[in-house]
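The values are calculated or read from the model by the stated rules, or taken from the named source; none is laboratory data. Nothing here was measured: the structure is a model prediction, and the numbers come from that model. Cβ atoms come from the backbone with ideal geometry, glycine included; neighbour counts cover every protein chain shown.
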Amino acid sequence: MAYFTINAVQLKGIAAAVPKNEVSNFDLKWLEAGELQKLISTIGIENRRVADKATCASDLCIAAAEKLINDLNWNKSDIEVIFFVTQTPDYYLPGTSLHVQARLGVSKSCVCFDINQGCAGYVYGLSLISSFMSASKLKKGLLLVGDTITKLISPNDKSLVPIFSDCGTATAFSYDENASAFHFNISSEGQDYSAIIVPDGGARNPNGIHKNLTMKGLDVFNFSIKKVVPNVSDLLNAASLKTGAIDYFIFHQANQLILESISKKLNLSETKVPSSLKNFGNTSGATIPLTILTNLKNKIKNKTLVLSGFGVGLSLASAIVKCENTVCSDLIEV
Amino acid sequence: MTSSLENFVTLIRQQFSEHEALLINETTDIKSLKEWSSLQTMIIVNEIDKNFGVIISSDDLKAANTIAQLYQLVKEK
């Protein structure tokens, strides 16, 4: 178990931006009414947000970051760290974080990292930016997590189209020696790398034609219902906490069936497990901050949260985070 | 058919439409059913997990050619 704690970093605020374009799963043409109803009730997703051709994850994250910087009354010149977590970068190279630094107008005295992670990406990013800021003592940082994952999905893929949606988020951190520790438990199941994959287009298969996302649905489902529960339980045990000490459990929003299975195995009440699936679907790495904003906007002050992301990699990352005066911005549409 | 196998077949039937359920018995290969889909797979695996505490893999499903064989796999896990 890769359990560790990070001290002296404060979670200051969260913002998110979604595309204006909302599509409804009730409009899916390829299913009869009964099948459609069964699909929607099983996955829990009625509506999704789909970015237009011109909008990238960076555009959504920048919009969220601008809103958050404004709501926190931060000076851009004080931001010294930007971590960008995405699987839909603007370019093959350079890293999107560098372009974002310039587009946001943040100081050149800024450390920029790109991280290739998906559904576990928010917690992965949280662990990396907090570790870096704790070690470097740099004062202010932004974690940007977003994907326009719908761009990777074939419009003919009947399994994936109803699930995925687009979103960009920004989370602000400051160095603070009095902050409560973050606790992490991270694990990797790299032998199952092909369970969720875009097989072609990278250096391994540059000329292949399979450049859309493919997923072995049952393997991913089984990974989720088998591995997430012990990962969260081990994290709580290592931090000497019981589930009753946690105010909310925010899981990656894969689908309703997975969310219900995990909640039941952990014996959690519905009120402790918010969901944003109905109106926003699975937004890849962005689901955790988006779920906080859409469900807990005014409820997280001084609350202790478990955050748990799982998916492509296959990767699994859970964290315990204490929110003190965390600002939650209004959700914005781009 | 044992009562436990009967219950298992009933559990599987409940995951399909009334019309499709009429076609299901212990000798049915669920993969051959018209309503079989990736969503249906997930639903059935979840129901087996909920009721038996056993997680069925894609290899298990491939290996089981009838519901009775699937039940046997669940019992042996």
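Couple of notes before you dig in:
- Members of the range B:21-45 that are assigned to a helix (DSSP H, G or I) and either in contact with a Cys (Cβ under 9 Å, 6 or more places away or on another chain) or away from chain A (no Cβ under 14 Å) (or both): B:32
- In the range A:139-173, the residues that are closer than 30 Å to residue A:108 by Cβ and surrounded by fewer than 20 Cβ atoms within 10 Å (Cβ to Cβ): A:139
- Residue in the range A:79-127 that is nearest to the chain's Cα centre (by Cα), counting only those that are surrounded by fewer than 14 Cβ atoms within 10 Å (Cβ to Cβ) and not aromatic (Phe, Trp, Tyr): A:116
- Single residue of the range A:287-307 satisfying the filter (buried (at least 24 other Cβ atoms within 10 Å of the Cβ) and part of a strand (DSSP E or B)) that is nearest to the chain's Cα centre (by Cα): A:307
- Sole residue being of a type in the set (Gly, Ala, Ser), surrounded by 24 or more Cβ atoms within 10 Å (Cβ to Cβ) and either modelled with pLDDT of 95 or more or more than 19 Å from residue B:49 (Cβ to Cβ) (or both), chosen from A:284, A:275, A:263: A:284
- Single condition residue B:51 does not satisfy, out of (1) within 27 Å of residue A:158 (Cβ to Cβ); (2) part of a helix (DSSP H, G or I); (3) within 14 Å of chain A (Cβ to nearest Cβ): (1)
- Hey, residue A:257 in contact with a Ser or Thr (Cβ under 7 Å, 6 or more places away or on another chain), under 27 Å from residue A:1 (Cβ atoms), surrounded by 20 or more Cβ atoms within 10 Å (Cβ to Cβ) and within 14 Å of chain B (Cβ to nearest Cβ) or not: yes
- Conditions (1) in a loop (DSSP other than H, G, I, E, B); (2) away from chain B (no Cβ under 14 Å); (3) of a type in the set (A, V, I, L, M); number of the one not met by residue A:235: (1)
- In the range B:4-50, the residues that are in contact (Cβ under 8 Å) with a residue 40 or more places away in the chain and either touching a helix residue (DSSP H, G or I) at 6+ places or on another chain (Cβ under 6 Å) or surrounded by 15 or more Cβ atoms within 10 Å (Cβ to Cβ) (or both): B:5, B:8, B:9, B:11, B:12, B:24, B:26, B:30
- Scanning the range A:181-207 for residues that are surrounded by fewer than 17 Cβ atoms within 10 Å (Cβ to Cβ), of a type in the set (Ser, Thr, Tyr) and either in a strand (DSSP E or B) or touching a Lys or Arg at 6+ places or on another chain (Cβ under 9 Å) (or both) yields A:188, A:194.
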